[in-house]
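Asks: Handing you this structure, nothing more for now.
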Amino acid sequence: MCGLSGEIRFDGHRPDLAAVERMSERLAERGPDDGGIWTRGAAALGHRRLKIIDLSDLAAQPMTDAGAGLTAVFNGCVYNYRELRDELRGLGHRFVSTSDTEVVLKAYRQWGTACVERFYGMFAFALVEHRSGRVVLGRDRLGIKPLYLARTPDRLRFASSLPALLAGGDVDTSLDPVAVHQYLSWHATVAAPRTVLNGVRKLPPATVRVVEPDGTHRDHVYWQPSYTRRAEDADMTAGDWSDALLDALRTAVRRRMVSDVPVGVLLSGGLDSSLIVALLAQEGQRDLMTFSVGFESEAGEDGDEFPYSDLVAREFGTDHHRLMVPSDRVSDALDGAVAAMSEPMTSHDAVAFYLLSEQVSKEVKVVQSGQGADEVLAGYHWYPRLAEAARPDAAERYADTYFDRPHTDLADVLEPGMLADDDVSGRFVRQHMAAPGAETALDAALRLDTHVMLVDDPVKRVDNMTMAWGLEARVPFLDHELVELAAACPPGLKLADGGKGVLKTAGRRLLPRDVVDRPKGYFPVPAIRHMAGPVLKRVREALEAPEARHRGLFREPYVSRLLEAPDEHRTRRGANALWQVALLEIWLQTHGIT
């Protein structure tokens, strides 16, 4: 797990090594153990390393295969790298390290861009062909590892975080009205390839981009499950599906134990993370460290789920660590969490993960986490309503159910110059929901949530907050084989038992009933949800700052109404509207965007 950066020139000039060094330095938190810069011709690569696999200097990056004329930088983990190394050895390749990065280089040498289809894992990489000058960029199937791009006519820069690109300089930081529209419609999600800045884009998940020396490029999307029922599954019973899902999760968890350092678990006490602990116990893991976080109550809302995480820790004998965060610590940590955000994120648990990761990183370098199960297996409360819709009505029902606000409301929120001309967020959803390959309205919704909304909300959030402290988070529910299986699973089995029914059936074999059959929990941070005093003070400072007034993003009457009643204005999805608009402004100011 690391941070990568680089620059490719298209104008015949040498790359700006000082800019690459600044980008690499900005990524030091992602890779605190080592760093390096490489350049040849029109290309330069930078890397910051977090030592997880092959702790020796033989695995340092940028890594060059001199015989093949290839140099690469890599972020993430290829969980099946040992099996691939054995296969490549059988094909005549020789290795000098035991790292997965070297496997990526040899796999590209053997199979070209099709190598990504053989990788089981989470990854982003940049690879330079010395002789041709061609550069290949790749990202994993579910976009777990980020890759941001800043393009001008003369060059392309890329990095593992948006702030790293800003550190490189010369980025168009004007706001993208389409992205702002999505941000305010989908609780801060902005779908790839956009970001809120016009000058920064992101490589979409499951994509390989080949960039030629003249700047032209071609993309190849190498994976997309079909959300339809498969003929080979026709005879499967509900029990068979539960067995298959549990087997797939067991495999996914086992894969994510590949490491040369200890691996812990972020344990919320919910079904998903508890199952990970149970399966690791079945695998014979001893002295497993588990970690939970809780927050002081505000306005009568509890901020921890310690009774459940304690129950699981006792059941499986883990070395358990609890972190209780007082409300004033939330406001103190807010600016640090926002600084770690590659894009503005309004979900309360960004601060929670930031604080938890700070403590966990003192104990381990790698953790498994339960993100993704609700999107993959229909765990949220709004999915039954989507399932009731006819396939042609899926987009309209999705917008009614999921959007924070309709397009018509945005005229009261945004200044006219920042309001997109039409309902761009609605159009995006209509296009995705109408695409072939989803059998029912629910299938279409789960496809959209898994491959778009999940990637640029919870997945991005976990990556940013953990890597701010040099902590690698692995997410077994986003194992691509498990996602393929879940996509084929009949919707009724996923919706059963109030959501994730097929997973709950499996969970009852391994977990205490109190954990499986409890009401669904979330990751509340009451101090933010209810605008506790110190948080409200920070919000007010940001919205009344000269930068905010100069920017003219939000209409002043709207902001005034929110500030007059900070805990009363909610979006259709129940989010605090003041927090949503303030967080965007705090993020822009934190990253020096005027």
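Asks: What percent of all Cα-Cα pairs in region 389-466 falls into each 5 Å bin, going from 0 up to the bin containing the maximum distance?
Replies: P(r) for region 389-466, in whole percents per bin: 3, 14, 22, 19, 16, 15, 9, 2, 0.
Asks: Over region 429-575, what portion of Cα pair distances is larger than 23 Å, expressed as a whole percent?
Replies: 61 percent
Asks: Please say if region 106-165 is rounded, prolate or oblate, where rounded means a/c under 1.5 for a ≥ b ≥ c the square roots of the C-alpha gyration tensor eigenvalues, and otherwise the choice is prolate for a/b larger than b/c and oblate otherwise?
Replies: Since a/c reaches 1.5 but b/c is at least a/b, the shape of region 106-165 is classed as oblate.
Asks: For the chain, what does the helix formula give at 222 nm: sum of -39500 (n - 2.57) over DSSP H segments with n ≥ 4, over the residue count, nearest 500 deg cm²/dmol?
Replies: Numbers: 26 runs with 233 residues, N = 594.
Roughly -11000 deg cm²/dmol at 222 nm, from the helical runs in the chain.
Asks: Looking at this model, which pairs from LYS494/LYS537; LYS51/LYS500; LYS362/LYS494; LYS504/LYS537; LYS145/LYS520; LYS460/LYS500 are more than 32 angstrom apart at the alpha-carbon?
Replies: Result: LYS494/LYS537; LYS51/LYS500; LYS362/LYS494; LYS504/LYS537 exceed 32 Å.
Asks: Apply the Karplus parameterisation 6.51 cos²θ - 1.76 cosθ + 1.60, with θ equal to phi minus 60°, to every residue of region 122-135 and state each ³J(HN,Hα) to the nearest whole Hz, in sequence, with x for glycine and proline.
Replies: So the J values, rounded to whole Hz, are 10, 6, 9, 8, 10, 10, 10, 8, 4, 6, 8, x, 6, 10.
Asks: What distance in nm separates the simple spin-label points at ALA333 and GLU556, each placed 7 Å from Cα in the Cβ direction?
Replies: Output for this residue pair reads 3.7 nm.
Asks: For the chain, what relative contact order do you get, as a whole percent, if you take Cα pairs closer than 8 Å and at least 6 residues apart?
Replies: 15 percent
Asks: Given +1 on the Cβ of Lys and Arg, -1 on the Cβ of Asp and Glu, and no further charges, what dipole in debye does region 19-101 carry about its Cα centre, rounded to the nearest 20?
Replies: Its charge dipole is roughly 140 debye.
Asks: Using every Cα-Cα pair within region 156-227, state what percent have a distance larger than 19 Å.
Replies: Within region 156-227, distances greater than 19 Å cover 48 percent of Cα pairs.
Asks: Something else now. Suppose R0 equals 60 Å; then what is the FRET efficiency for ARG131 and ALA545 from their Cβ-Cβ distance, rounded to the nearest 0.05?
Replies: Rounded to the nearest 0.05, the efficiency is 0.70.
Asks: A further question follows. Based on Cα positions only, what radius of gyration and what Dmax would you give for region 497-594, in angstroms?
Replies: Rg and Dmax of region 497-594, Cα atoms, are 19.4, 59 Å.
Asks: Hey, another quick one. By how many nm would the segment from LEU17 to ALA114 grow when fully extended, if each residue of separation counts as 0.36 nm and the alpha-carbon distance is taken off?
Replies: Between LEU17 and ALA114, full extension yields 31.9 nm more.
Asks: On full extension of the chain, what length is gained from GLU564 through GLU315, given 0.36 nm per residue of separation minus the C-alpha to C-alpha distance?
Replies: 84.8 nm
Asks: To continue, here is another question. Provide the packing ranking of 51-58, 163-170, 267-274, i.e. peptides ordered by the mean count of other C-beta atoms within 10 Å per residue, highest first.
Replies: 267-274, 163-170, 51-58
Asks: Would you calculate the convex hull of the Cα atoms in the chain and tell me its volume per residue in Å³?
Replies: It is 144 Å³ per residue.
Asks: Grab every C-alpha pair in region 3-61, bin the distances at 5 angstrom width from 0 up to the longest one, and report whole percents.
Replies: 4, 22, 27, 19, 15, 8, 4, 1
Asks: Within 10 Å, count the other beta carbons around each residue, average over each peptide in 473-481, 11-19, 490-498, and list them highest first.
Replies: 473-481, 490-498, 11-19
Asks: Within the P(r) computed for region 535-590, what percentage of the Cα pairs occupies the region above 16 Å?
Replies: Percentage above 16 Å: 34.
Asks: What figure in square angstrom, to the nearest 10, would you give for the accessible area of LYS537 with a 1.4 Å probe?
Replies: Per-residue accessible area (LYS537): approximately 130 Å².
Asks: Please work out the average accessible area per residue across region 448-594, using the 1.4 Å probe convention, and give it in Å².
Replies: Result: 35 Å² of accessible area for each residue.
Asks: FRET efficiency for ASP240 and ASP34, Cβ-Cβ distance as r, R0 = 45 Å, nearest 0.05?
Replies: 0.40
Asks: If you average the C-alpha positions of region 309-325 and of region 1-25 separately, how far apart do those two centres end up, in angstrom?
Replies: One Cα centre to the other: 44 Å.
Asks: I've got another one for you. Quote to one decimal, in nm, the extra length available between ASP57 and LYS520 on full extension: 0.36 nm per residue of separation minus the C-alpha distance between them. Mind showing how you got there, number by number?
Replies: Working: separation 463, 0.36 × 463 = 166.68 nm, distance 4.56 nm.
Here the answer is 162.1 nm.
Asks: Still on this structure, I have one more. Quick one: which residues, 5 or more positions from MET289 or on another chain, have an amide H under 5 Å from its amide H? H modelled 1.01 Å from N in the peptide plane, none for Pro or chain starts.
Replies: Counting only residues 5 or more places away or on other chains, the set is VAL265, ASP319.
Asks: Sticking with this structure for a sec: Could you give the alpha-carbon Rg of region 452-509 over 2.2 N^0.38 Å, rounded to two decimals?
Replies: On the way: Rg = 14.3 Å, N = 58, 2.2 N^0.38 = 10.3 Å.
Working it through for region 452-509, the quotient is 1.39.
Asks: To the nearest 10 square angstrom, how much accessible area does TYR380 have with a 1.4 angstrom probe?
Replies: Solvent-accessible area, nearest 10 Å²: 40 Å².
Asks: Taking a ≥ b ≥ c as the square roots of the eigenvalues of the Cα gyration tensor of region 332-383, is the shape rounded (a/c under 1.5), prolate (a/b larger than b/c) or oblate? Could you put the intermediate results ahead of the total?
Replies: Working: a/c = 2.77, a/b = 1.42, b/c = 1.96.
Oblate, because a/c is 1.5 or more while a/b does not exceed b/c.
Asks: Which of the peptides 427-433, 570-576, 453-459 is most tightly packed, and how do the rest follow, going by the mean number of other Cβ atoms within 10 Å of each residue? Kindly include the intermediate steps, with their values, before the conclusion.
Replies: Details: 427-433: 18.4, 570-576: 15.4, 453-459: 24.0.
Averaged packing, sorted descending, gives the order 453-459, 427-433, 570-576.
The values are calculated or read from the model by the stated rules, or taken from the named source; none is laboratory data. All values reported here derive from a predicted model rather than from experimental measurement. Note that each Cβ is placed from the backbone with ideal geometry, even for glycine, and that neighbours are counted across all protein chains shown. Accessible surface areas use protein heavy atoms only, side chains included; no ligands, DNA or RNA. Shrake-Rupley method; radii C 1.70, N 1.55, O 1.52, S 1.80 Å.
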